[in-house]
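The values are calculated or read from the model by the stated rules, or taken from the named source; none is laboratory data. Keep in mind that this is a model prediction, so the values were computed, not measured. All Cβ positions, even for glycine, are placed from backbone atoms using ideal geometry, and neighbour counts span all protein chains on display. Calculation scope for accessible area: heavy atoms of the full protein, side chains included, ligands and nucleic acids excluded. Shrake-Rupley method; radii C 1.70, N 1.55, O 1.52, S 1.80 Å.
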Amino acid sequence: MNTALARFLSFVLHPLLIPTVLFGIIFYAATPAVANLAAFNGEQTIDFFGIKLSFRAGLLLLVFFFTFLIPSYLLYVLYRLKVIKSLTMENLQDRRLPYLVIVMLYTIFSYASFRYMALLPEVTVVMASITFSISCVAFISLYWQISAHATGMGGVLGGLLALTLKLGLSSLLIPFLIVTLLTGFLMSARLYLNAHTPRQILVGLLLGAIVCGTTFYIFI
C-alpha cells in the first residue's frame, strides 16, 4: 500500500459517509428489515429540490444530505475560521468541537426521523445507533484518540451481522463480505498513515460492532 491509496481509502470510507453506506445496504439489500419500505417505495416519490425520486432513493439522498454534506460543510467552515487546524483532525484538540457539532446534527436528524417518519421506525433505530456510536467516540476523544473510521466500519459489520442472524437475510452475505474486505484495507490504510495504533483501531471496531449489532438485533 502507498500513501495515495491509503488517503483515498480514508476519504471514500470517511466516517461521515458510513450512514449513507449502511442505509444504502439496508434499503437495497435488506428491504425486509424496514417493514413498510416496500409499500412506500412503490407508491410514493420524494421531491428533492425539484427532482422527483423514488421513495427509497429520495430517503437515501436525504440521509446523505443531512449526515454528510451538512456536517462536511460545517467542518470546512470551522477550518476556514481556523477553529481547527486540519480537516483530517489528526490531534485530539481538533476533534473535540467537530465531534460535538456532528453529534448535535445527528441527534437532530434522529429526532426528525422519529417525529416525521413514524411509519418507518427502523430508520430511527439505525440513525439512533449511529448517533450513539459517534457520541461515544466524541466522549472518548476528550481523552484518547479512538479511530472513528474503525467505529464506523465496525458499526456496519455489526449491524449487518445482526440483521443476518435475526432475519435470516441471505441477501446480506455478499455486502457483508465486501464490507469485511474494505474494512481490512481501510484499517491497514489507517495504520500505514500512522493515524492510529492497532489498539485504537481494535477498540473502535468493537465499539461500533457492539453498539449497532446489539441495537439492530433488539429493536429491528
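Using the C-alpha gyration tensor of the chain, what are the square roots of 5 times its eigenvalues, in whole angstrom, with the largest one first?
On the way: eigenvalues 157, 86, 50 Å².
Result for the chain: semi-axes of 28, 21, 16 Å.
Using the Karplus curve 6.51 cos²θ - 1.76 cosθ + 1.60 with θ = phi - 60°, what ³J(HN,Hα) values do you get for each residue of region 90-105, in whole Hz, with x for Gly and Pro?
6, 10, 4, 4, 6, 7, 5, 5, x, 5, 4, 4, 5, 4, 5, 5
Rounded to the nearest percent, how much of the accessible area of region 66-220 (1.4 Å probe, protein heavy atoms only) is carbon and sulfur?
Numbers: 5900 of 8070 Å².
Using a 1.4 Å probe with all protein chains present, region 66-220 comes out at 73 percent carbon and sulfur.
Please name which of Leu119, Leu69, His196 has its Cα lying farthest along the dipole of the chain towards the positive end, using unit charges on Cβ (Lys, Arg +1; Asp, Glu -1) and the Cα centre as origin.
Of the options given, the answer is His196.
With the Cα gyration tensor of region 109-201 giving a ≥ b ≥ c as the square roots of its eigenvalues, does the rule (a/c under 1.5 for rounded; else a/b larger than b/c for prolate; else oblate) give rounded, prolate or oblate?
Numbers: a/c = 3.04, a/b = 1.29, b/c = 2.35.
Because a/c hits 1.5 or more and a/b fails to exceed b/c, region 109-201 counts as oblate.
Which of Ile70, Ile18, Ile102 ends up with the largest GNM mean-square fluctuation for the chain, with Cα atoms connected below 10 Å?
Ile70
Provide the net charge surrounding Ile140, with neighbours chosen by a C-beta distance below 13 Å and charges set as Lys +1, Arg +1, Asp -1, Glu -1.
Details: positive: Arg95, Arg96, Arg199; negative: none.
Surrounding charge for Ile140 is +3.
To test your reading of the geometry: what angle, between 0 and 90 degrees and rounded to tens, separates the Cα axis of helix 173-192 from the longest principal axis of the chain?
On a 0 to 90 degree scale, this one is about 10.
Can you tell me the accessible area per residue over region 156-219, all protein chains present, probe 1.4 angstrom, in square angstrom? Intermediate results must be reported in sequence, preceding the final value.
Details: 3390 Å² over 64 residues.
So region 156-219 comes to 53 Å² accessible per residue, rounded to a whole number.
About the Cα centre, and with charges only on the beta carbon of Lys, Arg (+1) and Asp, Glu (-1), how big is the dipole of the chain? Nearest 20 debye, please. All intermediate terms of the calculation are to be shown ahead of the outcome.
Working: 12 positive and 5 negative charges, 97 e Å.
Value, rounded to 20: 460 debye.
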